[in-house]
Structures are given as structure tokens and as C-alpha cells.
1. State which residue pairs qualify: first residue surrounded by fewer than 24 Cβ atoms within 10 Å (Cβ to Cβ) and inside segment 219-232, second residue part of a loop (DSSP other than H, G, I, E, B) in any location, beta carbons under 6 Å apart, and separation of 6 or more residues or different chains.
2. Would you be able to tell me the number of residues in segment 37-57 that are surrounded by fewer than 22 Cβ atoms within 10 Å (Cβ to Cβ), more than 15 Å from the chain's Cα centre (by Cα) and either charged (D, E, K, R) or not in a loop (DSSP other than H, G, I, E, B) (or both)?
3. Can you confirm whether residue 18 is of a type outside the set (S, T, N, Q) and more than 16 Å from residue 96 (Cα to Cα)?
4. Can you tell me which residue among 104, 162 is assigned to a helix (DSSP H, G or I), touching a residue at least 24 places away in the same chain (Cβ under 8 Å) and closer than 19 Å to residue 206 by Cα?
5. So residue 31 passes all but one of these: (1) surrounded by fewer than 17 Cβ atoms within 10 Å (Cβ to Cβ); (2) free of Cβ contacts under 8 Å to residues at least 60 places away in the same chain; (3) within 15 Å of residue 232 (Cβ to Cβ); (4) hydrophobic (A, V, I, L, M, F, W, C). Which condition number does it fail?
6. Looking for something closer than 25 Å to residue 202 by Cβ and either touching a Leu at 6+ places or on another chain (Cβ under 7 Å) or at pLDDT 95 or above (or both) - is there at least one such residue anywhere in segment 61-68?
7. What's the number of the condition residue 151 fails, among (1) over 26 Å from residue 56 (Cα atoms); (2) touching a residue at least 60 places away in the same chain (Cβ under 8 Å); (3) small (Gly, Ala, Ser)?
8. How many residues, within segment 247-296, are among the aromatic types (Phe, Trp, Tyr) and over 15 Å from residue 234 (Cβ atoms)?
Amino acid sequence: MPQVLISEVGPRDGLQAIARTMPTPHKHAWIASLAGAGLREIEVCSFVPPKLLPQMADAAEVVAHAKTISGLMVTVLVPNLKGAQAAFASGVDKITIPFSASEAHSLSNVRKTHSQMLKEVSDILALRQSDYPRIAVEASLSTAFGCSIAGNVPEALVVALAEKLVAIGVDEVGLADTTGYANPGQVRRLFDQVRAQVGERCASAHMHNTRGLGLANAFAAYEAGIRIFDSSMGGIGGCPFAPGASGNVVTEDLVFMFESMGVSTGVDLEKLFAAREVFAKGLPNEPTYGMVPTAGLPKGFVPAEGLSAQ
């Protein structure tokens, strides 16, 4: 049984940051290859206006195909009630709502203040409660560790927002290092503070490797009790509304880190490497990143389940 859940966000967070659009059949094949490698939760798209993100214009079709994959938790990102309505109707298993801890980033990203976003989340939760009770709702507190627009984001504000979101009924709150500002000490401290107030409802970490600390920050979150980690195959993606926010944590490197520690992810690294080739067919010559895919697995490497069986 896997001890951590790796939530693959490449098909959404990754593809939305690439100017070219991956053809829909290639998206289907790529998502299937990721699931075939053992990834049990994949953020397959976002429900946003196609004029803003034409890369996501086929969202409903992508969800429909992903739902045919047995055992896969199909998740999507929605910025507002209209997006949630479309996502709910498509039959997703979970939606993630980005909620910027930095109000300046919120205004840039979704053109809403904190008060307006809390109202938007409340409306989404009301719709979920009345018509789609089986669908999970997560709020991701983006820019929780700093903002490239506003700079410092007070930790007390992040804690207060997490409390408010849990109070109005979200199932889960995640903390996201949208701009790559976090350091391991800060990550451990902030997760400890938030979990002290909302407990296990604070369940996930979304780290960027912009300044080379992505894996260290993920490990700090793990030490703070987090067991759900967002990452992107090949490290593709970032936030188009946060300057300099490139560099999602590379799924392959994150999986290797945990597996080499003896922490099972349920992901087969060799199959994950093969999924990179499927991605490359959909977007030829698109840069991908990662240390482990380049260096290869160490001689004699045994994955966590093999370690635990000895």
C-alpha cells in the first residue's frame, strides 16, 4: 500500500504554461501512460475560458476519456463557479480551487479579492452539496510562501485563510509555493501552524523548483505530516500569472526521492520514464527536466515496496 500519494499535475499545470497545444488524442495517450505507471491521481485539465487558455479547450473531452481509466482519481482546476459547474457536469472526482494567499496575486490571477473568493468558494460548495455530493473540493492556497508581485505573505494570514476555507466546508486545503520562494524551514513551520489549526484537512503540498529547493521543501512537508504531493512529469509548467514562477517539482525525481527513502509511492519509475516518450510524441522538442531520468536509476536500486518486503 503506497505511503504517499503523488498527484500528477502535468496535463493541467504543465500544458497550460506551454504556448503550443497538445492534440487531444495525444493528451489521452499521455494521461493513460501516466496512470499506467501507477499514478492514482491526475489533474487532467482546467475549466477556464478557451480564449484565456486555448490549451484547455478540450477539457470535457479529456475528462471523459480519463474517467474510463480504472482506479484513477480524475481531478481538475476551476477558478470560479462557472468553471465548477462545467467540471461537476463532466463527472470529475475532485476539483481544486486556486485561492491566492497574496491578494495582489488573486487580483492578477482571478480578478477577485479574498472576500470575493470566499464567496465564490461558498457558492461552489453550495452547488456541490445540493447536486454533486460525491465530488471532493480542495482549496489550494497559492503563493502561501511568498509572492513575486507583493513579496512577503504573512504566515498568520495563510493560517487564517485555511481556517476560513475549512469552516465554510472545503474537504482539503493545500499549500502551494507558486513562486518558488519557499525554503525547508519555512515549509515545515507553516505546515505545522496550519495543521495545528485545521488538522488533517491540510493535506497537500505543491512545490516549485524555481530556486532549486523543490525536493527539499517536499521533504520538509513530509516531515510535517503531509502525504499528498503535487508534481509534474518532466518539471513542465508554472503559473502564467506569477512572474518567474517556472519550475514544478519533477515527478520522476520526487518519486525517486521517496522510493529511495523506503517510502512507497506506488509508481513504477521505469514506466514513468516511458511516459516521457509519450509526452514527447504529443509535443515534439518541448524541453523536459529531471535529474533521475537523465542519470538513470542507481545500480542495485530497489523500490520502497521491495525494501519493506525484505
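1. That search, which allows pairs on different chains as well, returns 227/4.
2. Result for segment 37-57: 2.
3. On the way: of a type outside the set (S, T, N, Q): yes; more than 16 Å from residue 96 (Cα to Cα): yes.
The answer is yes for residue 18.
4. Step by step, each of 104, 162 is checked, and only 162 is assigned to a helix (DSSP H, G or I), touching a residue at least 24 places away in the same chain (Cβ under 8 Å) and closer than 19 Å to residue 206 by Cα.
5. (1)
6. No, because not a single residue in segment 61-68 is closer than 25 Å to residue 202 by Cβ and either touching a Leu at 6+ places or on another chain (Cβ under 7 Å) or at pLDDT 95 or above (or both).
7. Against the list (1) over 26 Å from residue 56 (Cα atoms); (2) touching a residue at least 60 places away in the same chain (Cβ under 8 Å); (3) small (Gly, Ala, Ser), residue 151 comes up short only on (2).
8. Counting residues in segment 247-296 that are among the aromatic types (Phe, Trp, Tyr) and over 15 Å from residue 234 (Cβ atoms) gives 1.
The values are calculated or read from the model by the stated rules, or taken from the named source; none is laboratory data. Please read all numbers here as calculations on a predicted model, not as lab measurements. All Cβ positions, even for glycine, are placed from backbone atoms using ideal geometry, and neighbour counts span all protein chains on display.
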